[in-house]
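Reading through the structure tokens given below for one structure.
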Amino acid sequence: MRKMGIGLAALAAGSLLLAGCASSTGTAPAPAESEAPIDASGVTLTVWTDENRKPAIEAAAKTFEDETGAKIELVQKNFEDIRNDFTNQVPTGEGPDITIGAHDWLGSLVQAGVVSTVDLGESAANFEKVATDAFTYDGQTYALPYSLETIALIQNTDLVGEDAPATFDDMIAAGTESGAERPFVINTAGQTGDAYTMYGLQTSFGAPVFVQDDSGSYTSEVGMGGEAGTAFATWLGEHGEKGSGEISTTIDYDTNNELFASGKAAYTIQGPWAVETLTAQGAKIKVNPIPSAGGETASPFVGVQGFYISAESKNALVAQEFLTKYLATYDAQKALYEADPRIPAWSELAEEVSSDPVIAGFVASSQNGVPMPNIPQMGSVWDLWNAAQVQIIKGADPAGTWTKMVSDLEATIG
């Protein structure tokens, strides 16, 4: 369904990033000159990280140790193990003071009582709003963000030029006029369904998966019912296998990428993790925001990664100091980007790396995007949501199928 963990590394491999972006070194950050470092002598902070981020965190840790007297113990773990290990170990008094993690873990971490709030203070203004929103739950911020990833429209410039289509219909018209075998392809994970990739098109009808409150936090109210949801479902059926056929359950991830890479498809919606594959056969590309199908802004999901503080940390104030004074700096964020080149959450750095037009396209798409819901109820959504989309694409009654899915989902989440 979604391949969120690879980030922009494929761009680096394809020499699409700025020279030197694969380096794991960076200028070590320091607190503002007007603020004296705290005295944390005798304190040891344990930080969980993965292999990619470890060298970048080391630079900030060294300065922190030199200036505060504290010690930082970096523990390297497989990213896939961190969530469960953190949830299980923190209540026992084990586990780290700080861990890296994804924003969509947040709801379950809060429910488990294993994370503390983080006061970003003035540094909050330095981050992309979607990044701080992603780590907001019930109006409280729970992590320091550092990277983003999202999907966007990718087009073959030899076939359709570089201009961004204003609407989905404009895109189909341009793709058809290009003479490509297929004007557009989108991954449906075959018979499984891929609501993640389809989400930007769905939100352009005003049908979010869950409703957000005034603080930007997600509620458990399902937002994709009613007229807006039915309008999207109807549109999906019209472009499915019994309609115009641009959306098909024969298209899985690899098939999607091969059709585009071989020049048989003019447009696709994909993430930066696929760029190397999409260009491997010589296709020249432009990345643009996803065009609207329903008249509103197409807002794809944005995934955010950052740093959490354990609710059981005996050194929470020192951990807060390390995050907000030593990792919430341009230099530290740049070191993290260079160690693992994803879209930076630090706005100045995001603008800087956007000198690469491919990255610029994904940054623009992320600025239209919304965080993937971080509430526990999101775990109940995928199977019902994906299945309904597949049924509609294959020709089932759109309104009836969609309405039943929403009703079943509401019953499931209580």
Original post:
Only one of Ala280, Ala231 is in the same structural domain as Arg182 (by TED's automatic domain parsing), surrounded by fewer than 17 Cβ atoms within 10 Å (Cβ to Cβ) and not in a strand (DSSP E or B); which?
Top reply: Ala280
**OP:** May I ask you to list pairs of residues, at least six apart or on different chains, whose Cβ atoms are under 9 Å apart, with the first in the range 390-414 being at positive phi and the second being surrounded by 13 or more Cβ atoms within 10 Å (Cβ to Cβ) and in a helix (DSSP H, G or I)?
**Re:** Gly395/Gly237; Gly414/Gln377
Subject >> Index of the failed condition, Val406 passing every other in (1) touching a Phe, Trp or Tyr at 6+ places or on another chain (Cβ under 9 Å); (2) assigned to a helix (DSSP H, G or I) >> reply: (1)
Original post:
Among the listed residues Gln320, Gln281, which satisfies the condition of being over 24 Å from Lys129 (Cβ atoms) and more than 21 Å from the chain's Cα centre (by Cα)?
Top reply: Gln281
Subject >> Selection within the range 338-377 - among the charged types (D, E, K, R), within 26 Å of Pro165 (Cβ to Cβ) and in a helix (DSSP H, G or I) >> reply: Glu351
Original post:
Right, Lys314: assigned by TED's automatic domain parsing to the domain that holds Ala364 and either at pLDDT 95 or above or not small (Gly, Ala, Ser) (or both) or not?
Top reply: yes
**OP:** List the number of the failed condition for Glu348; all other conditions in (1) in contact with a helix residue (DSSP H, G or I) (Cβ under 7 Å, 6 or more places away or on another chain); (2) farther than 21 Å from Asn52 by Cα; (3) of a type outside the set (S, T, N, Q); (4) buried (at least 18 other Cβ atoms within 10 Å of the Cβ) hold.
**Re:** (4)
Original post:
Within the range 93-113, is even one residue without any contact (Cβ under 8 Å) to a residue 40 or more places away in the chain and crowded, with 19+ Cβ neighbours inside 10 Å?
Top reply: yes
Original post:
Asp214: in contact with a Lys or Arg (Cβ under 9 Å, 6 or more places away or on another chain), free of Cβ contacts under 8 Å to residues at least 24 places away in the same chain and surrounded by fewer than 14 Cβ atoms within 10 Å (Cβ to Cβ), yes or no?
Top reply: no
**OP:** Output the number of residues of the range 191-221 satisfying the condition of being in contact with a strand residue (DSSP E or B) (Cβ under 7 Å, 6 or more places away or on another chain) and at positive phi.
**Re:** 1
Subject >> Cβ pairs under 6 Å, 6+ apart, first in the range 329-357 and under 16 Å from Pro272 (Cβ atoms) and in contact (Cβ under 8 Å) with a residue 60 or more places away in the chain, second part of a strand (DSSP E or B) and small (Gly, Ala, Ser) >> reply: Arg342/Ser147; Ala345/Ser147
**OP:** With respect to Gly263, determine if the residue is surrounded by fewer than 22 Cβ atoms within 10 Å (Cβ to Cβ), over 23 Å from Ile393 (Cβ atoms) and without any contact (Cβ under 8 Å) to a residue 12 or more places away in the chain.
**Re:** no
Original post:
Taking the range 138-163, which residues are under 13 Å from Ile269 (Cβ atoms) and assigned to a loop (DSSP other than H, G, I, E, B)?
Top reply: Ile151
Subject >> Flag for Glu122 being without any contact (Cβ under 8 Å) to a residue 40 or more places away in the chain and outside any helix (DSSP H, G or I) >> reply: no
Subject >> Entirely in the range 1-110, the helices (runs of 4 or more DSSP H) that have 3 or more residues that are more than 19 Å from the chain's Cα centre (by Cα) and at pLDDT below 95 >> reply: 54-68
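The values are calculated or read from the model by the stated rules, or taken from the named source; none is laboratory data. These numbers were taken from a predicted model, which means no experiment stands behind them. Backbone-built Cβ (ideal geometry, glycine too); neighbour counts: all protein chains shown.
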